[in-house]
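Quick notes on the structure that follows.
The numbers here are math on the coordinates, done by the rules we state, and not lab data. Given the structure is predicted, the values throughout are model-derived calculations rather than measurements. Virtual Cβ from ideal backbone geometry, glycine too; neighbours counted across all protein chains shown.
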């Protein structure tokens, strides 16, 4: 019997099938005809069918020896030796302060050079000290050799503060640069 014959048989009983059911029924019928699915072992009265009585018991299938799985390749451990070169696995996007994590120290030590604005220079006993404003709009007093987050105050002149900033750029050949914060912007000096 073919798949179409099964569909016709079901139509005769008043049943309908969708196309997906037709495919499944056709595959089941093909498997039954190929002997992959055994015939019904009992007839409708509950007695063993003649086909089941005639079938000889099949010998028990011998268990197959387990197939050895191919060995996984040994995991290679990689280590990078910089030898004076930049580490290619470090990101270049976050340079400078963005790459630092953790809480900043309080006061002047927590201010970055880029965040500082010079507000005034004062003289006392022949030495200068400066008043700088941070990003929090607070005013701080700095003296020569005071440490900032990413630099050190080198000198204070009557109109500027000179800061030696630590350069945190892996591509830069210089590790420090001098930054000059002036009281007046160059355009205002005219």
Query raised in the report: So what does the Cα-only Debye profile of the stretch 106-182 read at q = 0.15, 0.17 Å⁻¹, as log10 I(q)/I(0), no solvent term?
Result: -0.48, -0.60
Query raised in the report: What's the FRET efficiency of residue 115 with residue 180 using the Cβ-Cβ distance as r and R₀ = 25 Å, to the nearest 0.05?
Result: 0.95
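For 147, 85, what's the fewest-to-most ordering of other Cβ within 10 Å of each Cβ? Could you put the intermediate results ahead of the total?
Working: 147 12, 85 9.
The most exposed by this proxy come first: 85, 147.
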Query - Backbone N within the stretch 124-155 under 20 Å of label point (7 Å from residue 106 Cα along the Cβ vector) - result: 132-143, 146-150
Query - Approximate spin-label separation residue 143-residue 74, in nm, with each point projected 7 Å along Cα-to-Cβ - result: 6.2
